[in-house]
Amino acid sequence: MTLRIYNVLTRQKETFTPVEPGKVNIYVCGPTVYDYPHIGHAKTYVNFDVVVRYLRHSGYDVLYVQNITDVGHLVGDRDEGEDKIQKKARLESALPMQIVERYTKIYFDNMDALNVARPDISPRASGHIPEQIAMVKTLIEKEHAYVVNGSVYFDVTSWDEYGKLSGRKLDEQKEAVRLDENTDKRHPADFAIWKAADEGHIMQWDSPWGMGYPGWHIECSAMAVKYLGTTFDIHGGGIDNIFPHNDCEIAQSECAHGEAFSNYWMLTGSLTRDGVKMSKSLGNGLSIIDALANYRPESIRYFMLTSHYSNPIDFSGDALEAADKGWKRIWSAVSSLRERMRNAPAGAADPAIVAIADEAAAAFTAKMDDDFNAPAAIASLQELTRKVNSLLSDGTAYSADSLAAIDTLYRTLGGGVLGIVPDDISDDSNGNREGDLLRLLIDLRNTARAEKNWAASDQIRDRLKAMGISLLDGADGTAWQID
Ligand SMILES: [Zn+2]
């Protein structure tokens, strides 16, 4: 099987061919660090985490760059309004860089809690001012940009491919931005790549055009090129940033270097909450921290993967409960399997079991090779889990190697690729606490049975059954599974 990716740029599914065989250079637009990350961020970054994990699992040498925006992202999308970080600094009576440090730390803490692997490089915009100035200079030299009153604007009419990712035509944009009051721009759709700073602007740098700061879009172009080269493999981000941000990145990079920017564009669908788009004005945003207070991280990840990355998803209590149930079904099977492995007899792996493992691995890989279809890959793990549950209760004393063949699959695909199956039970505080309680109940039931107190032992089994948990009595002890 070969990997196929839906390329937003060409609007079709294509066979993935990297610039350099065996290597994948990927850039994903990172957060603007001025507030707590919300569950919409979690959707984007969990999905790209799985993309990167799967590419590595497939044998690619991946270089994953995800920026931190710490300057230049203005409140308005059309080069107007305050810098988001400076505004927050004013509200919190702090320095902009204090805000940046605080929310960068929170961002990474949240991502760690969700088991999102860190990018290889997390470059900051403020740490790459010379690279951005150099790129602005090139764009002026190539007559794709012009200087007015210390600011530099990209001339959208200088490149007829402008808007090719979102498919927006320049005429439509002129219509949409007619009310723009910035008279420095030659065309209303032109965008700032360098902004002149007034005295009150704390974050500003010297440039050939006077004191100023970079526009939001130029940072991604400059940093992607610096670390990944002028043409790289995959550019990712949330669909909300397709225009103007991603279209501007493409225009700047391709005009400055005369080469294709990213060969494949992958954009994640948006996340709604109870059917409504999350927004500051509605006050219906949910931070990752608040979500983690109510749901285990594995269930949140599982939920984020129940819809294809490019599709929208709706976050609701019911959806999270369903995801939690799905995750528990897998986890209880894995726990029982590992419990059985501890006391299992030695002996070669049963070919029938190896065949089950191979079949599950092939199904999983085929789904992931089809544009990273995680929901279908999860379904193949659930199918495996159904088979595992019947194996564990069929009364056969399977050898440790047989059980290990299946456990390896859960570790590599469920753990390594999807990040929802912890390696070690003790790594998972919630699951472990539940597991510990179940083991305590099983021990109490065994004591009751040894004392021939059938009423007590049946009561424990029946009450658990009523809660949807079955006890499986085997030759080597009792395991449990979520029905
Ligand atoms: Zn970006």
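At-a-glance table
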read-out	value
Pairs of alpha carbons in the range 295-339 whose separation is greater than 15 Å (percent)	45 percent
Over the chain: helical MRE at 222 nm, DSSP H runs n ≥ 4 each giving -39500 (n - 2.57), nearest 500	-14500 deg cm²/dmol
Contour excess over end-to-end distance, with Cα ends at GLU321 and VAL19 and 0.36 nm allotted per residue	104.5 nm
Cα-centred dipole magnitude for the range 323-482, charges only on beta-carbon of K, R (+1) and D, E (-1), debye, nearest 20	640 debye
Stokes-Einstein D (µm²/s) once Rh is taken as the Kirkwood radius of the chain over alpha-carbon pairs, at 25 °C in 0.890 mPa s	98 µm²/s
Eligible lysines near LYS325 by straight Cα distance, threshold 29 Å, same-chain separation 8 or greater	LYS43, LYS277, LYS367, LYS387, LYS465
Antiparallel bridge percentage (DSSP; both residues within the range 4-268; nearest 5)	45 percent
Cα Rg over Rh - the range 4-268, Kirkwood	0.95
Cβ charges +1 (Lys, Arg) and -1 (Asp, Glu), total dipole of the chain, debye	1020 debye
Antiparallel content of DSSP bridges confined to the chain, in %, to 5	55 percent
Magnitude of the charge dipole, the range 4-268, Cβ model with Lys/Arg +1 and Asp/Glu -1, debye to 20	720 debye
For the range 323-482, fraction of C-alpha pairs farther apart than 20 Å, in %	52 percent
Options ILE202, TYR213, ASN343, ranked by Cα towards positive dipole end of the chain, top entry (Cβ charges)	ASN343
Accessible area per residue, Å², the range 4-268 with all protein chains present, probe 1.4 Å	40 Å²
Of all accessible heavy-atom area on the chain, the percent that carbon and sulfur account for (1.4 Å)	51 percent
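The values are calculated or read from the model by the stated rules, or taken from the named source; none is laboratory data. Everything numeric in this text was worked out from a predicted model, so none of it was measured. Every residue, glycine among them, receives a Cβ derived from its backbone with ideal geometry; neighbour counts consider all protein chains shown. Ligands, DNA and RNA are excluded from the accessible area calculation, which covers all protein heavy atoms including side chains. Shrake-Rupley method; radii C 1.70, N 1.55, O 1.52, S 1.80 Å.
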